[in-house]
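The values are calculated or read from the model by the stated rules, or taken from the named source; none is laboratory data. Because the structure is a prediction, the values reported are computed rather than measured. Positions of Cβ are generated from backbone atoms using ideal geometry, with glycine treated the same way; all protein chains shown enter the neighbour counts.
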Amino acid sequence: MEPSRGAPSAVADKTAMLRKLAALVRCHILTMTTQAGSGHPTSSLSATELMVGLLFGGTFHYKVGNPNYPNNDRLIFSKGHASPLLYALWAAAGVLNESDLASYRQFGSRLEGHPTTLFSYADAATGSLGQGLSIGVGMALNAKYCDHLSYRTCVLLGDSEMAEGSQWEAMQIAAHYELDNLLGILDVNRLGQRGETMYGHDLAAYQKRVSAFGWEALVVDGHSFPEILSAYEAARRVSGRPTMIIARTIKGKGISFLEDKEGWHGRVLNQAECEAALKELGEIDKSIRGEIPMPEPRVPTDRANFHLVQPPGPVSYPLGKPVATRDAYGSALVRIFPAFPGLVCLDAEVSNSTKAATFKEAHPERFFEMYIAEQNMVSAAVGLACRGKLPFVSTFAAFLTRAFDQIRMSPYSGANLKIVGSHAGVSIGQDGPSQMGLEDIAMFRAVLDSVVLYPCDAVSAERLVEAAAAHCGLVYIRTTREASPVIYGGEEQFVIGGSKVLRKSDRDVATVVVAGVTVHEALAACDELKREGIAIRVVDLYSVKPLDEKALRDAAAATGRIITVEDHYPEGGIGEAVRSALADLAAPVRILAVRRRPRSGRPEELLDYEEISRRAIVSEVRRLGN
C-alpha cells in the first residue's frame, strides 16, 4: 500500500504517537495475562498495530463514554481469544485503568477470558471461532437497510478461523447485500493452536479467495503503520462491496523470544519472562491516551416512529377450520408489526414454506433473504439484535441443528432472538427423515434461559408469536406443515409458562400431556375412550419450557398417571421434561415418542407407525387400565 498522503511532519507525528500507543498496549497485554496466569498474549501481540491503527488512526469514529450511541462505529473481535488486546485498547482510550486490567479473567470481572457483553465496549460475545463476521454482517445490514446510519462495522479475524464454512457464508451474503460499510481485518500470523494454519503466510491465497467472493481485498504489512493507515483510508472509499484487509503479521510480535515461535498459543509468560519482555519494549509512557474521532450526530431514521406503537390487531379464525400453524406464523408477523416496529425477519430460502413470505410481501424492506446458510443467518440475526432490532429467524426445524453453536452463543450477547422451526416431526409425511425436525425441542431446551413454545392451532400460534415478541430473550417456536383444525377462540390468551386443560372430569383415569400435532390426536382419543366409558384429562402443554408445573402436579394428583405424547425423539423432549418436573411424585410418567427410524409416508401412517397417534393413546390408556 502507498503511504497516506499529507504533510510529512503530520504523518510522522501520527506514526510516532501510534508507536507509543502500541508499546503501551503491548505492555498491558503482557502484564494482564501474566497476572491472570492464563490468556492468549501472542495472538494479541500480532494484531496490535492493526487495532491501534484502526482505533486511533483517525478512520474509526466512536463516542467514548457512550458505547450505546447509535452511530458509533462497531468493533467485533471474531478472534475472541485476543481479548487482552481488546481490553488494552480501551485502556489506552481511557475507558479502563490498570486496576481494571488486573481483574482480567477473575471471577466477577467484566473482563472475561473471551469477550462478552458484560464489558459494554464489546459489541457481541465471541470466542467460538467463525461467528464474528456473520454478527458484523447483521450490524452492517442494520446500518444500511434499517437505521440508515453511517456507522461502519469492523471485524478482527484470525487466519485459523478462515477454515470455518460460516466465514464464507458471511462473505457471500455481505457481497450480495453490497455491504460497503463492513470491514474485515484478517490477522494472518501464520500460527494456529498446534502449528501452521492452512495457508501459512501465503497472503495471495487469501487475496484470491476473498476477491472471488466479491470483496475488495487489500494486502498490507500488518506491522507498518503507514500501510495500515493507507488501507483503512482506502477501505472508506470503497463503494458497493465490503472490504477485507489481509495483513501479514508475526505471532508474538515485539518480543524476540515469542516472535513466530510455535508452542506459545494460549500460554502466558511467567513473572521473570514478563519482566524480560517488558524490557524489550523499552520505556512506556503510561500517561498517553489515544484519541478517537466523534461519529456523525445521527440517530436511526425510524426511531421517530417508535412512539407510534399500536396494539396488535385481533385474532380471528373460524373454529374447526384447518389451518397450518406455519401459516399463522406468517400472518402473526404482519399483525404484530405495528406493536413491534423493530421487528425484522430473516429466512433461509424457504419463506414460501415457513410462511415468512407473508411478512416479506407486506414489509419487504424489513425482510432479509439469507439463503441456505443457517449458521450465518443466526449470527447475522444476533448482530441485528445487538443493534436493537427484534429478529424473527425461520427455516425448517431440521436445518437449525447446523446452527446450534450460533444459537447457544446468542444469549451471551444478550440477543433478543426469536427462532421458528417449521416442518417439525414425522407428521410432515412423504418428504422423509432428512426433512423431519426431531431433535429441535431437545436442542433449544438445552440452552440456558431459553423459551420453547409449540402451538397446536392457528390461534395459539398467533398468540405465541405475539408472546415471543414481547419476551426479552431467546425463544423457539415449533410449527408444523399440515393443517390442523382451530380449537381455540380468537379471544383466548396464551402466556409463556402456561398450559391449557382441554378435557377434564372427576373420573379421569390418566392425564395425557400433549403439544402441537399430538393435541388433536389426544382429543380424538379422548372422544373414542369416552364412548367406552373411560375418561382422560388432556393438557395442551404449549409452553414446553418453562413448564406449567402447577397444572402438571394438579393433574398428577387428580389422575395418578401421566402419559406424554410427542412428535419428537424421547431424548430431551416433552416427556423427559415432564418426568423431570414430577420426579418427586409417585405418579408414573409414560412417554410416547418417535422411537423408530422415520420413513416416508402419509402423516397419519407415520403417527401410527411411531405409536404417537390417537390409536396409540387409546391403546396405552387401556393398557394402564389393566
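Summary of computed values
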{"quantity": "Qualifying residue in region 468-479 (condition: within 15 Å of the chain's Cα centre (by Cα), closer than 22 Å to Val519 by Cβ, buried (at least 24 other Cβ atoms within 10 Å of the Cβ) and hydroxyl-bearing (Ser, Thr, Tyr))", "calculated": "yes"}
{"quantity": "Set Arg194, Arg209: member being modelled with pLDDT of 95 or more and either farther than 16 Å from Phe77 by Cα or among the basic types (Lys, Arg) (or both)", "calculated": "Arg209"}
{"quantity": "Test result for Phe404, in contact with an Asp or Glu (Cβ under 6 Å, 6 or more places away or on another chain), assigned to a helix (DSSP H, G or I) and closer than 19 Å to Ala373 by Cβ", "calculated": "no"}
{"quantity": "Region 169-180 residues that are at positive phi, paired with ones that are at pLDDT 95 or above (beta carbon under 7 Å, 6 or more apart)", "calculated": "Glu178/Gly240; Glu178/Arg241"}
{"quantity": "Near pairs, Cβ below 8 angstrom, 6+ apart or cross-chain, from region 61-72 (at pLDDT 95 or above) to any residue that is surrounded by fewer than 17 Cβ atoms within 10 Å (Cβ to Cβ) and of a type in the set (A, V, I, L, M, F, W, C)", "calculated": "His61/Met294; Tyr62/Met294; Lys63/Met294; Pro70/Val299; Asn71/Val299"}
{"quantity": "Single residue of Arg289, Arg236 found to be within 22 Å of Leu157 (Cβ to Cβ), of a type in the set (Lys, Arg) and either touching a Ser or Thr at 6+ places or on another chain (Cβ under 9 Å) or modelled with pLDDT of 95 or more (or both)", "calculated": "Arg236"}
{"quantity": "Residues of region 386-401 classified as closer than 19 Å to Phe337 by Cα and assigned to a strand (DSSP E or B), total", "calculated": "5"}
{"quantity": "Subset of region 203-222 (residues that are among the small types (Gly, Ala, Ser), under 13 Å from Thr243 (Cα atoms) and out of contact with any Ser or Thr (no Cβ under 6 Å at 6 or more places or on another chain))", "calculated": "Ser211, Ala212, Gly214"}
{"quantity": "Near pairs, Cβ below 6 angstrom, 6+ apart or cross-chain, from region 218-242 (at positive phi and in contact (Cβ under 8 Å) with a residue 60 or more places away in the chain) to any residue that is surrounded by 17 or more Cβ atoms within 10 Å (Cβ to Cβ) and in a loop (DSSP other than H, G, I, E, B)", "calculated": "Gly240/Asp180"}
{"quantity": "Listing of helices (runs of 4 or more DSSP H) fully contained in region 1-94 that carry 3 or more residues being closer than 15 Å to Pro293 by Cβ and assigned by TED's automatic domain parsing to the domain that holds Leu229", "calculated": "8-36, 48-56"}
{"quantity": "Residue that is surrounded by the fewest Cβ atoms within 10 Å (Cβ to Cβ) [pool: residues in region 41-77 that are polar (S, T, N, Q) and more than 22 Å from Leu229 (Cβ to Cβ)]", "calculated": "Asn68"}
